[in-house]
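All remarks here apply to the structure that follows.
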There are 2 protein chains.
Amino acid sequence: MFSKATEYALRATIYISQKSSVEKKLSLTEIAEAIDSPPSFTAKILQLLTKDNCVIHSVRGPNGGFYITEKDKHLPLKKILEAVNENDLFDKCILGLKKCSETKPCPLHFQYKPIKQELIHLFQTNTIQDLSEKADNESLFINNAI
Amino acid sequence: MFSKATEYALRATIYISQKSSVEKKLSLTEIAEAIDSPPSFTAKILQLLTKDNCVIHSVRGPNGGFYITEKDKHLPLKKILEAVNENDLFDKCILGLKKCSETKPCPLHFQYKPIKQELIHLFQTNTIQDLSEKADNESLFINNAI
DNA sequence: TTAATTAAGGACAAAAATACCTTTAATTAG
DNA sequence: CTAATTAAAGGTATTTTTGTCCTTAATTAA
């Protein structure tokens, strides 16, 4: 479904949202360990998320690390997909046809359409906070229960 | 959503289903041109589909080529995904967590579940024939209208 | 001010997916 | 039987994705 990069981005953001605050920043090492991802690659992905402070914030130096503001917790998951350039995922034709459209639909177009809508809806309506609350309740990511 | 390999497999099968019969086999060249795919790569994918006659049949030599039987047109699209080893696509956790399950769900698990079910349903209930009929009606693949 | 710590940024490496090419095998027509 | 045609099979090349490493910049604490 998603690329590794996107999976790590979503998992990292959920974890950061659960555990961080302006007072308590998380190091790359902790994040990568918690979400079971390669640290160096994860660093690259976090760079995309911190670019222009779009989702995550970062501070260098001792006691530095990554964190998210309360305000940004209300961003939809879609924002994360955009940050890692996987936003057009749900726009594409399921058969990969460039010219597939409402007027020139592929054979799966109208059956896939409502499913696509639900996927878009899922990522537009769920906020980062929504997900991190669920993760809390359901104890995923906690104690490395991956 | 799908890999290029899977897209080509689906498109090729639909095209073969529309245009071929035991009497009228289609050459690799014709298929690749019609579905707008790289011929050599398409050849590899067709090999997967013809392996053990699982979906498509092939005959070598003059007037040889690829075709599908009426019987095999009633196979579900799922069969094509299996042939190109992309069958587990809809089994995986959307966040890529190995341990995600009903009892230990990821934060998106229960929201993604019904969508996943619809995707599975789509590929299990639609047959190759269903799709090629739609393609006929909606004129995709016809006259290279890709 | 200096040393330590942490992310940023760039270059590089490995793996996987995609695409190409050449030879071989099967089949058919002459 | 021979030549032509077409897919099968294997190896190779390219591109993309994934992953690593090293140096630089920022920040903090002593």
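The values are calculated or read from the model by the stated rules, or taken from the named source; none is laboratory data. Everything quoted here is computed from the prediction, not taken from an experiment. Cβ: placed from backbone, ideal geometry, glycine included. Neighbour counts: every protein chain shown. Just so you know, the surface numbers come from the protein's heavy atoms only, side chains and all, with ligands and any DNA or RNA stripped out. Shrake-Rupley method; radii C 1.70, N 1.55, O 1.52, S 1.80 Å.
Here are some notes:
- Accessible surface, region B:4-136, averaged per residue in Å² (probe 1.4 Å): 48
- Highest-first packing order for the peptide set B:20-29, A:14-23 is A:14-23, B:20-29, based on the mean count of other beta carbon atoms within 10 Å.
- Whole-Å distance, taken between Cα centres, linking region B:19-79 and region A:33-56: 44
- Peptide A:7-16 has a mean shielding of 2, counted as Cβ atoms of other protein chains within 10 Å of each residue's Cβ.
- Counting Cβ atoms of other protein chains within 10 Å of each residue's Cβ and taking the mean over peptide B:86-92 gives 1.
- Of B:Q47, B:P105, B:Q124, farthest towards positive along the dipole that unit charges on Lys, Arg, Asp, Glu beta carbons give region B:4-136: B:P105
- Listed cross-link partners B:K92/B:K113; B:K24/B:K73; A:K4/A:K44; A:K113/B:K116; A:K44/A:K71 are compared with a 19 Å cut-off, the Cα-Cα value being larger for A:K44/A:K71.
- For region B:68-123, GluC sites (Glu not before Pro) meeting the loop criterion (DSSP other than H, G, I, E, B) and having at most 10 other Cβ atoms within 10 Å: B:E70, B:E102.
- For the protein assembly as shown, the ratio of Cα radius of gyration to the globular rule of thumb 2.2 N^0.38 Å stands at 1.18.
- Counting, for every residue in B:106-116, the Cβ atoms of other protein chains within 10 Å of its Cβ and taking the mean gives 6.
- For B:K99, the aspartates and glutamates whose Cα falls under 17 Å of its own Cα, not counting residues fewer than eight places away in the same chain, are A:E7, A:E33, A:D36, A:D136, A:E138, B:D88, B:D91.
- Estimated from helices alone, the mean residue ellipticity of chain B at 222 nm is -15000 deg cm²/dmol (sum of -39500 (n - 2.57) over DSSP H runs with n ≥ 4, per residue).
- Pairwise alpha-carbon distances in region A:2-57 exceed 14 Å for 48% of all pairs.
- Computed over the Cα atoms of chain A, the ratio of the radius of gyration to the Kirkwood radius (Rg/Rh) comes to 1.04.
- Take B:K134: with every protein chain present and a 1.4 Å probe, its accessible area is about 60 Å².
- For chain A, the fraction of 1.4 Å probe accessible surface lying on carbon and sulfur atoms is 50 percent.
- Take the accessible area of A alone and of B alone, subtract that of the pair with a 1.4 Å probe, and the total buried over both chains is about 3600 Å².
- For B:H121, the solvent-accessible surface with a 1.4 Å probe is about 110 Å², rounded to the nearest 10.
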